[in-house]
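The values are calculated or read from the model by the stated rules, or taken from the named source; none is laboratory data. All values reported here derive from a predicted model rather than from experimental measurement. Neighbour counts are summed over all protein chains in view; Cβ atoms, including those assigned to glycine, are modelled from backbone coordinates with ideal geometry.
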Protein chains: 6
Amino acid sequence: MRSDGRQQNQLRPVSIQTGVNKYAEGSVEISFGDTKVICTATVEERVPPFMKGQGKGWVTAEYSMLPRATQTRNQRESAKGKLGGRTMEIQRLIGRALRSVVDLQALGERTITLDCDVIQADGGTRTTSITGAFIAMAIAINKLSEKHNFSRYPITDYLASVSVGVINGTPLLDLNYEEDSSAKVDMNVVMTGAGQFVEVQGTGEESPFSRQELNDLLALAESGIGELINKQRDALGQAGARIGGAKA
Amino acid sequence: MRSDGRQQNQLRPVSIQTGVNKYAEGSVEISFGDTKVICTATVEERVPPFMKGQGKGWVTAEYSMLPRATQTRNQRESAKGKLGGRTMEIQRLIGRALRSVVDLQALGERTITLDCDVIQADGGTRTTSITGAFIAMAIAINKLSEKHNFSRYPITDYLASVSVGVINGTPLLDLNYEEDSSAKVDMNVVMTGAGQFVEVQGTGEESPFSRQELNDLLALAESGIGELINKQRDALGQAGARIGGAKA
Amino acid sequence: MRSDGRQQNQLRPVSIQTGVNKYAEGSVEISFGDTKVICTATVEERVPPFMKGQGKGWVTAEYSMLPRATQTRNQRESAKGKLGGRTMEIQRLIGRALRSVVDLQALGERTITLDCDVIQADGGTRTTSITGAFIAMAIAINKLSEKHNFSRYPITDYLASVSVGVINGTPLLDLNYEEDSSAKVDMNVVMTGAGQFVEVQGTGEESPFSRQELNDLLALAESGIGELINKQRDALGQAGARIGGAKA
Amino acid sequence: MRSDGRQQNQLRPVSIQTGVNKYAEGSVEISFGDTKVICTATVEERVPPFMKGQGKGWVTAEYSMLPRATQTRNQRESAKGKLGGRTMEIQRLIGRALRSVVDLQALGERTITLDCDVIQADGGTRTTSITGAFIAMAIAINKLSEKHNFSRYPITDYLASVSVGVINGTPLLDLNYEEDSSAKVDMNVVMTGAGQFVEVQGTGEESPFSRQELNDLLALAESGIGELINKQRDALGQAGARIGGAKA
Amino acid sequence: MRSDGRQQNQLRPVSIQTGVNKYAEGSVEISFGDTKVICTATVEERVPPFMKGQGKGWVTAEYSMLPRATQTRNQRESAKGKLGGRTMEIQRLIGRALRSVVDLQALGERTITLDCDVIQADGGTRTTSITGAFIAMAIAINKLSEKHNFSRYPITDYLASVSVGVINGTPLLDLNYEEDSSAKVDMNVVMTGAGQFVEVQGTGEESPFSRQELNDLLALAESGIGELINKQRDALGQAGARIGGAKA
Amino acid sequence: MRSDGRQQNQLRPVSIQTGVNKYAEGSVEISFGDTKVICTATVEERVPPFMKGQGKGWVTAEYSMLPRATQTRNQRESAKGKLGGRTMEIQRLIGRALRSVVDLQALGERTITLDCDVIQADGGTRTTSITGAFIAMAIAINKLSEKHNFSRYPITDYLASVSVGVINGTPLLDLNYEEDSSAKVDMNVVMTGAGQFVEVQGTGEESPFSRQELNDLLALAESGIGELINKQRDALGQAGARIGGAKA
């Protein structure tokens, strides 16, 4: 049994509260256990320079942690004057993952920026961010659809993410910080509602892993992501009705 | 009457929730109306280089806004690679104000860092931050006092802050964003529990102001800060009992 | 009596020399005692992006100290790669103060940049800068008025600034560095020729202050600023004749 | 058949030239087709601050491209004043991968820095860099071993990397730039001489991928990496003899 | 005799290999002894903002050293976040020198950027860079001339550079790193095919030098540059035929 | 005749005022015509890290221009966040030139920093800076010598600098801005009191120059520097008595 009493294939308690910001086009506060992230979606009627004139939209993400989201205080990246490699890696991952389920052509020449700000961190901040950012984005696009009557709905499927890892030879779902620190293999998986893979990032820094371990981890992730997508459906309700092609 | 129905000398609804962060030595989520700030206090057993060897402690603050705390999204200062002048000005003000009620000698060689992160902004983010940061600091120092048995209690008085301004010739208490934008005079006041001034910052960028207007604004601020300090007392309860010299 | 022999309500010797730069549209070297600042005004026939298309002008300021303006050498901010919080705070203050007496509509779509470079610092560099920058600006605008025949003169009033503080219970006017370092309350005041307040910035970092102290300090500042504005009038002579609405 | 005439499971021509730098403790110029990278290993008898006093060594990597390594010129990151997200992501990956086959305890308190500078880029710069950096590191550690007589040899296994992807439904090995640009799935795999996984990074930005596709890609990568490790063995010769535990 | 056996007026072995980069419009790998530099020329059909609308072209250069080009590893300027003074000085010199033999009017509104990347450094990196950059530029302009049929050929003369210095009272040609470190006078000279001076930069940091020493050094440089220009002619062959005015 | 009526070999009026800063160990305001520079010397009883433990001192320089020192306003390098190449090149030159006449061993483990701030620029700011910085340094070292009784006097000779150039085929001494802009050859020369060369930096960006032109320019520079050193002797008076070995 795990230190917090969970089964090997059990998610931490998930809480999702939408509409937490009065200005953002979409917003959510999402928790996986003690990891808590505020995700806001901002819609702007323009695209970045490298996308101009293609008739397509853009989806991008930024990620940050409050200085005391963690056990000891981290210096702000704004005070350091630059983004760290970890931050860049994570925000590139979030943006890439979300774009995999957005039809940029259908979205039209607008940009959706997902800001994922980690209020408290206890492992899995990137998977929590992706899962929450999808919800904020879905709310914003649903709101857009009320004004713009898209011919194709711009979101092609649900999308969520979870971490998995191997500790003492056992594959575990949704690692908290303590587990993450002692895992010999650490993997983040992003999947769609249809059960396809979008990102598979497995790292055996402490020790390489076998094909069998990889298979076990992917199976665990698949089941966890299925549960998370059900929670997203509940949270979105009617705002998620047209995702993946429901007719207008 | 004001757009949100308040009297001229009426604060916005104030909400204070302590203990919102499981790692920080002190934490609070504070709202003045729709302005919401998370303040955490971090205690470290060392002082910055310029304070070394003096047997004294240090109190400092950092301030930031989430990108979508405001009506339109602001670029992150971490992405810009530098802190803006407004941010620096505000965090210098918060730190200076808090230090005015801390006996740094009594605190001993440790640093308390107050992080004020604005989750949503609707005017008065600096006054909300000061008022909340005081609470987070008081909790952290109370916790310290349980371990260190200070001979003098390091906090000498309560401290809170409010904004005041003149709109259409009328002095108003605790401006929201809309009011702030149309004020001809804008003043931030920080005061102690004993009713002394710590900071008075009045600006008549749009139009200069008279001595009479200044007097009226200070009176309004004084009454508002009195109310805020009562709310701080309630929120702190026993954790605030020794502030201002209660015997050990 | 003060260490330099001054009365409590006495300014340091003020010297003002205009036309010290052969390129700038307006320039002055101004001293308050041993504090010496060169102020130049640059006029450009364009406005910053955020002001475009409003038919209005802009006034802004930059402030810097030579590395050895002070007792010990300070590292250049250009070598550090960023502006410090103190610099930003001061240059924002100078710009804001000057704008309070400029009719930006009357100025038309042009920018006036005031560069305040402190050659030697002995307390009061920001008040000296504001007082000098006003002169440099007035010269530049007078020169502009010879070419552009403004229908309304763009400067609505004189403007000057002085510091006041409390030392050993006594309110003092125009603190030098030594006095400033030992003041328990420190206040910078900016006022117009008509005796209105533009900025009141009082700080009791070392110890809070009472309403009575505030009143005494404001009275001192008012008298000092009156004297300074007389010196500005003398220095500007005919170039100041139309300030505040003298008919064309 | 592929545009350059290769079979689906065929590597590009690999060339490895060691000893290309007269100062570095280990160096190699490695090419996968038209992708050419210079890798140097620098040994320093100290560890970074966060590793001090643990009796362990450290292995880290830096990655850069010459401005004209690519079809159009890229601005230098030194001129931009910061490292891009892609660079950080890649250099973190290279360092992490190499550490997975280094016994940091056995290495002792020294740092090995691998510099991977891309002279010409035609797809697969990160996999080429990892494969070359391993060789440069192995040469440097072999040289160290002549002086230090390690009780355990610090390199526990060979390590190489290759990219795989799906184009028009076909899984392909070792993509060049043109193939990489049109792949719907793109995966980088790092494996050890024993056939274990160290990193699996698969991305379906353009379109999600199935479990079957993932399996096919991993099989392709496995065979390619086997071939690459044989080439590493040839290039290292005697310098690689003790890798993975050969007795001293 | 010199430590590497050369005569006082003898160049190190020079090697020049053109066409080393498959993308660049011109490229060369050039060595002066153990100093090795890759120079690429990039042609872009636009000019920098300050040159716009003048009907003229621009030639500019960038210079960098790989971190382990030197005996001990240097931190990357991209990681430091800024270019050092030495780098800036050298790249300004390279650009200025090349422009002295380019007819910018004849070149037309295009920019040629020379990237000089030092792969290995053993003294004379700036002179090697200038000599190599000229070749890369000449190749690129010759290629341009095949498409654009310039009425005047844009390169007016050959150009090369060499270092000279005084060691133990003896003037020496083409110093290697060891010699450079012990020279009391150090001079870099750039000359044209016609034997005119383009840059003379002599420094007696360790000790001032006389007019006679200056004369001796210039004579040495002149002979060395003559040899280098012969090698450039050989390397360019037909691609250099029109330099200096050969008729179209 | 020149536009300002000077002879070909005539310096602009030189003015030197010492003791212009009440804090600096040495200070001077120096003008060459309309070019005006404030130079201060700061003495610190420590050396930079790379000089530690050698028993030797260090001399370094920094250079900056006020934003409106020039005809049009330049952005501050502190606001840009980095030093430009020109600034770095000039401050490296000033430091190197001064060190050539300082016996760092005799100076002992202390640093002298020369700050050269250009108040107004009309050509020749680097030569004016070197000539003035020498005076500020000499005053500071003379003051040091009163306390430290150096066994060898640390300054070995006088040092000054002037620019020369060729305009319309005529060599001219001490170019102003207008002349500098139209010169085909531009040379800065630094020499000692003994008439030895310390720096010769000649540039023929617009057009290469002959050996004869070089000789003519050096002769002109030599005579100008002789005059400047006489003015330095006058300005220093007794403070310069021990330069170059006068017995203690």
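Total residues in segment C:169-200 satisfying the condition of being out of contact with any Gly (no Cβ under 6 Å at 6 or more places or on another chain) and assigned to a helix (DSSP H, G or I): the figure is 4.
Give me the residue from segment E:7-41 that is more than 14 Å from residue E:231 (Cβ to Cβ) and among the charged types (D, E, K, R) and, out of that set, nearest to the chain's Cα centre (by Cα). Among those residues, the one meeting the criterion is E:36. Filter segment E:198-223 down to residues that are charged (D, E, K, R) and at the interface with chain F (Cβ under 9 Å from one of its Cβ atoms) and give me whichever is surrounded by the most Cβ atoms within 10 Å (Cβ to Cβ). The residue in question is E:199. Every condition in (1) within 11 Å of another protein chain (Cβ to nearest Cβ); (2) touching a residue at least 60 places away in the same chain (Cβ under 8 Å); (3) hydrophobic (A, V, I, L, M, F, W, C) is met by residue F:66 except one, and the failing one is (2).
Across segment C:101-120, the number of residues qualifying as farther than 17 Å from residue C:156 by Cα, of a type in the set (A, V, I, L, M, F, W, C) and out of contact with any Leu (no Cβ under 7 Å at 6 or more places or on another chain) comes to 1. Here residue D:135 does not qualify as more than 30 Å from residue E:40 (Cα to Cα) and surrounded by 24 or more Cβ atoms within 10 Å (Cβ to Cβ).
Taking the criterion of being aliphatic (A, V, I, L, M) and under 22 Å from residue F:74 (Cβ atoms), the residues of segment C:26-53 that qualify are C:28, C:37, C:38, C:41, C:43, C:47, C:51. Looking only at residues of segment C:64-76 that are part of a loop (DSSP other than H, G, I, E, B) and of a type outside the set (D, E, K, R), we find that the one that is farthest from residue F:82 (Cα to Cα) is C:71.
Tell me, please, whether a residue that is assigned to a loop (DSSP other than H, G, I, E, B), closer than 17 Å to residue C:140 by Cα and at pLDDT 95 or above can be found in segment C:34-46. Lay out the reasoning, then the answer.
Going residue by residue through segment C:34-46, those that are assigned to a loop (DSSP other than H, G, I, E, B) are C:34, C:45-46.
Among the residues that remain, those that are also closer than 17 Å to residue C:140 by Cα are: C:45-46.
Of the ones still in play, those that are also at pLDDT 95 or above are C:45-46.
Yes, some residue in segment C:34-46 is assigned to a loop (DSSP other than H, G, I, E, B), closer than 17 Å to residue C:140 by Cα and at pLDDT 95 or above.
So that you can scan it fast, the table gives a plain yes or no per residue for (1) within 24 Å of residue B:242 (Cα to Cα); (2) among the charged types (D, E, K, R):
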site: B:33; (1), (2): no, no
site: B:54; (1), (2): no, no
site: B:65; (1), (2): no, no
site: B:86; (1), (2): no, yes
site: B:89; (1), (2): no, yes
site: B:97; (1), (2): yes, no
site: B:101; (1), (2): yes, no
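Only one of A:97, A:79, A:61 is in contact with a strand residue (DSSP E or B) (Cβ under 9 Å, 6 or more places away or on another chain), assigned to a helix (DSSP H, G or I) and more than 11 Å from chain D (Cβ to nearest Cβ); which?
A:79
The requirement of being farther than 16 Å from residue F:97 by Cα and at pLDDT 95 or above is satisfied by residue F:219. Among the residues making up segment C:27-38, a single one is in contact with a helix residue (DSSP H, G or I) (Cβ under 7 Å, 6 or more places away or on another chain) and either facing chain F (nearest Cβ under 10 Å) or surrounded by fewer than 20 Cβ atoms within 10 Å (Cβ to Cβ) (or both): C:27.
For the structure I just gave you, tell me whether residue D:46 is basic (Lys, Arg) and without any contact (Cβ under 8 Å) to a residue 24 or more places away in the chain. Here the answer is no, as residue D:46 does not meet what is asked. No other residue among A:226, A:195 is surrounded by fewer than 23 Cβ atoms within 10 Å (Cβ to Cβ), within 16 Å of the chain's Cα centre (by Cα), within 13 Å of another protein chain (Cβ to nearest Cβ) and closer than 23 Å to residue D:209 by Cβ apart from A:195. Looking at the structure I just gave you, is residue C:140 within 14 Å of chain F (Cβ to nearest Cβ) and either at pLDDT below 95 or not in a strand (DSSP E or B) (or both)? Answer is yes for this residue.
Please pick out the residue among F:225, F:229 that is in a helix (DSSP H, G or I), farther than 22 Å from residue E:185 by Cα and touching a residue at least 12 places away in the same chain (Cβ under 8 Å). Working first, answer last.
Details: F:225 fails: farther than 22 Å from residue E:185 by Cα.
Within the list F:225, F:229, the selection yields F:229.
Scanning segment D:105-126 for residues that are assigned to a loop (DSSP other than H, G, I, E, B) and within 14 Å of chain E (Cβ to nearest Cβ) turns up D:110, D:121, D:122, D:123.
Total residues in segment E:175-192 satisfying the condition of being within 11 Å of chain F (Cβ to nearest Cβ) and either within 16 Å of the chain's Cα centre (by Cα) or of a type outside the set (A, V, I, L, M, F, W, C) (or both): the figure is 8. For segment E:49-84, a tally of residues being buried (at least 21 other Cβ atoms within 10 Å of the Cβ) and closer than 30 Å to residue E:103 by Cα returns 9. Condition check for residue D:145 on (1) more than 15 Å from the chain's Cα centre (by Cα); (2) surrounded by fewer than 20 Cβ atoms within 10 Å (Cβ to Cβ); (3) free of Cβ contacts under 8 Å to residues at least 24 places away in the same chain: one failure, at (3). Condition test on residue E:91, is it more than 14 Å from chain F (Cβ to nearest Cβ), in contact with a helix residue (DSSP H, G or I) (Cβ under 9 Å, 6 or more places away or on another chain) and at pLDDT 95 or above? In short, no.
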